[in-house]
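Written out below as C-alpha cells is the structure these notes cover.
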Amino acid sequence: MSDDVIASPRANAPMAPSAAVAASFSALESALDYLNAAEIEQVRLAFRFADQAHSGQLRNNGDPYVTHPIAVALQCTEWKLDAQALCAALMHDVLEDCGCSKADLVQQFGPQVADLVDGLTKLDKLEFDSREQNQAESFRKMLLAMARDVRVILIKLADRTHNMRTLGDMPRRKWSRISTETLEIYAPIAHRLGLNNNYRELQDLAFKHLHPWRYQALSKALEKSRNRRQDLVAKVRGEVEGALLRHGLEARIVGREKTLFSIYNKMDSKHLSFAQVTDLYGFRVILPELLDCYRALGILHQIYKPLPDKFRDYIAIAKMNGYQSLHTTLVGPFGANIEFQLRTPAMDVVAESGVAAHWLYKASAADGPVQQEPDARWLQSLLDIQQVSQDAAEFWDHIKIDLFPDSVYVFTPKSRILTLAHGATVVDFAYTIHSDVGNRAIGAKINGEQVPLSTRLKNGDMVEILTSPHAQPNPSWLGFVKTGRARSKIRHHLKTLALEESHALGERLLLQALRAEGFIGLPDETDAAHQATWDKLLRFTGNRNRRELLTDLGLGKRIAGMVSKKLAALLGEIGHKPDVLLISQERYGIAAEDQASQGVVSLDGSEGASVQYADCCLPIPGDRIVGYLGKGDGLVVHTDDCPTGKRLLHRDSERFLEVEWAEEPTRSFETSVLVTVNNGTGVLAKVAAALAAAEADITHLHMGDERGQSTIDLRFALAVRDRVHLARVLRQLKRTPAVVRAQRLRPQRPGS
C-alpha cells in the first residue's frame, strides 16, 4: 500500500463506497477509447481484482482506497499507456498487504503485468538523503526497475502526482517529508525523462505543502499581476500572430507563465522581490515544419529586440532528455521580458511528455512519427553503473549526481555531439566515449591545445583524448569527475586492480606459510583429489572459491599460518607427507643467501595497493623493515624501530611476517627531512637548488610561521631511491651556506 496516503477505516465516509468507485471507474473507462475491446476487458478484470483486494480499505478522506489506483490509471491514460501498464497501475498496491502473491498475478494477467506490479511494490519506504542501507537499496531497486521498463517509473510518477494532489488529507506532520522527497527525487526524475507537465506540477505541489504561507502570498501576487497584465499578453499575442500571418506562417500560440516554485526559486537565489521578477510570462509558438521555427525566430527578432545571451538552439542540439525548441527572450511592450519557445507539434509532445511521447504517438499514428526519440542513454547508464557498483549506497551516490544536471555540449574530433552534465571534465568526456578510453587516458587536447585531464568543458569545445595502452585510472580523478558513469567506472577499475594485487600477494603468503609446514607449492585444483581438498579448505575458511580465499589472505582478512596448517592437515589425509628437512630449514634458520628461495616477501615498490608503506615511519630501501598484515588493509610495511609497529607487534604478533627489500627497487620512496636554515632572502631557492642537485624530488613542503626569528624550520617530504641516496642529499644540504642543520625525521618514541 502507498506510503504516502495511508488507508485507514472510517466510520463516516463522505460518499458511499459503491458510488465513489463507480464514479471513479466510469471516468477511467471513458478514457480508454484508444484501446481495443480485448484490452479494455483486461483493464476491467484488473479493476475488479484491485477492488476485491482493497475491499474494506479507506483513504484518509473516507473514500474507498481503490479510488486511488483508479486515479493513477487515469493519469496513465493521458500518456496513452498500454493495457498492461494500466492493469499494473490499478493493482500497484495489491502485493504489499492485500494477501495477493505474484504467482496469482502471473496466472491471471501474465508475467509482464506481474513484473510491473512487483517492480512498483519495491518502490516504497524511501526517505531522501538517508544513508541507511535499506533506503539506498529501495532507491536502487526503483531506478533499476525503471531502466528495465520505463513504464514502472511512469506509473510511479502518476502515483506520486495523485498522492501530492491529495496530500492535504494527510496529517500535517508528514507534509515536509513527503514534499521534500518529491522535490529531491521524483521531480528530478520527471525532468530527467522529459515529463515537463508532471515536473512542474510536482514542484508546485511540493512547494505548496513545504511553505504554505509563502505559496499563498506568491499565488495572490501572481493573480494580481495576471489581472494587470491581461492587456499586455493580448497585445503581444495579437502582434505576433499578425506578423507571422503576414509572412505566410500559420502558428498556434499558447501563453505560459512561470510556476510559483520557479518564481520562488528565482527570488530566493537572486534575492529579488516579486516586483523585480520581470519574466513571468512566456509564449509557446507551435509551427508546422522545422524550418518554419527558424523563419519565425527571425520575424520575432524584427518585432521585439532580443536580450543578449538569451538565445538557445535546442533543435540543432537537443537536451539530454530529448527536448527540442528554439528559446529566445525579447523585450516586449512596456519593457517586459517575454520568453518565446518555438517548436513543431512533434517536438511539443516530446517537450511536455518526454518518454511518454512514445505511447502518445503509438496511439495516434496519424500525427506522424516522433521526430526526436526520448533519450534512453541515461536509463542504460543506470544498468552500466549497477554492474560496477558494490552496494546500494554507492549506487545512490553515483546516480544522484546525474539526476538533475544542466547540460554542456561538446564535440568529438569527428564532429559528433556529446551532451554532458554541467561542470563535466575531460575525464568525464573520455568515459562517455568508452570505458577503455577513460581507463587509458593520459592527456587531452581542447580545440587543439593540450590541457590537464581535470579541465572543465565548455559549450562548443572540441575534445580529443590522448591514450596509452599502459595507463590506468588515477584515484585523484575521483576528486574532480562530475558524472556518475565516470565515477563508478574509475572506482570499479581501482577496486578490481587492488583485488588482483591482493590475490597475488595472498598466493605468495600462503606458499610461504605452507613451506613452514613442509610442502612446496599449492595443490593443483584441477586434480580431482586436490579439488576435494580445496573444497574442504573453503568450507573451513567460509570462502566461496580459491580466488576469494587468496584475496582475503592478501588483504589480511585471514592469517596465512592458520590456513596453511589446515591445508597441510588436509593434504596429510590424502597421503601427502611433509618434507622434514624443509621444516627444519624453515623453523631453525638457513643461510642468508638461501632466504630468497624460501618465500620471504621481497618488496621493490611495484606491488600496488596490496602493499602500503606506513606514513608513521616512511621506510625506504636500506631500512630494516617488518610487515604487518592489517585486517582488510593488505600488507603494511614499518621500519623495525617504529613505535607504532612495535605496539602492533606486542598486540598482534601473529599478523607479522618477514619482509625484505629487493636488490633493485623499481621506484623512489618518500621520506621526511627537517632542514633548519638562517632566515633571509632567497634561502628557500638555495635549499631547493641543493635538493635538485642531489636529484631528490620535493613532494611536499611545510614552513612554520616563524617571522622575525633568526632561523626557520623547513619540513620536506622528499622522494629518494634508498638510504645511500638520502645520505648524499643530506650531505648536499649541509654544504649549503644558509643551512644550519639537516636531518631525517624519524618516528617519535612514546615519552620522548
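Bear in mind that the values in this text are calculations on the coordinates, not laboratory data. Quantities reported herein were computed from a predicted structural model and do not represent experimental measurements. Cβ atoms come from the backbone with ideal geometry, glycine included; neighbour counts cover every protein chain shown.
Taking a ≥ b ≥ c as the square roots of the eigenvalues of the alpha-carbon gyration tensor, segment 600-667 is classed prolate because a/c is 1.5 or more and a/b outweighs b/c.
About the centre of its Cα atoms, segment 153-226 shows a dipole size close to 220 debye [charges on the beta carbon of Lys, Arg (+1) and Asp, Glu (-1) only; nearest 20 debye].
Once you charge only the Cβ atoms, +1 for Lys and Arg and -1 for Asp and Glu, what is the size of the charge dipole of segment 669-744 about its Cα centre, to the nearest 20 debye?
In total the dipole reaches around 340 debye.
For segment 440-489 and segment 285-316, what is the separation of their C-alpha centers, rounded to whole Å? Spelled out, the Cα-based centre of one part sits 35 Å from the other. Rounded, prolate or oblate, given the Cα gyration tensor of segment 229-367, with a/c below 1.5 counting as rounded? Oblate, since a/c reaches 1.5 and b/c is not below a/b.
Look at the dipole of segment 229-367 built from charges on Cβ: of ALA234, THR344, GLY322, the Cα furthest out on the positive end belongs to ALA234. A Cβ-based charge dipole, computed about the Cα centre of segment 486-590 with Lys and Arg at +1 and Asp and Glu at -1, lands at about 600 debye. Here is the tail figure for segment 486-590: Cα pairs spaced more than 21 Å apart come to 39 percent of all pairs. Can you grab the distance from the C-alpha centre of segment 157-231 to the C-alpha centre of segment 419-438, Å, no decimals? Cα centres, segment 157-231 to segment 419-438: 34 Å. A simple spin-label model places pseudo-atoms 7 Å from Cα toward Cβ; at GLN302 and VAL740 they are separated by 8.3 nm. May I ask which of LYS174/LYS266; LYS224/LYS270; LYS270/LYS482; LYS266/LYS414; LYS102/LYS156 have a Cα-Cα span longer than 30 Å here? Over 30 Å apart, Cα to Cα: LYS266/LYS414.
The GluC sites (Glu not before Pro) of segment 168-251 that meet both conditions, a loop assignment by DSSP and at most 12 other Cβ atoms within 10 Å of the site Cβ, are GLU250. According to the Cα-based calculation, Rg over Rh for segment 483-534 is 1.25, with Rh computed by the Kirkwood formula.
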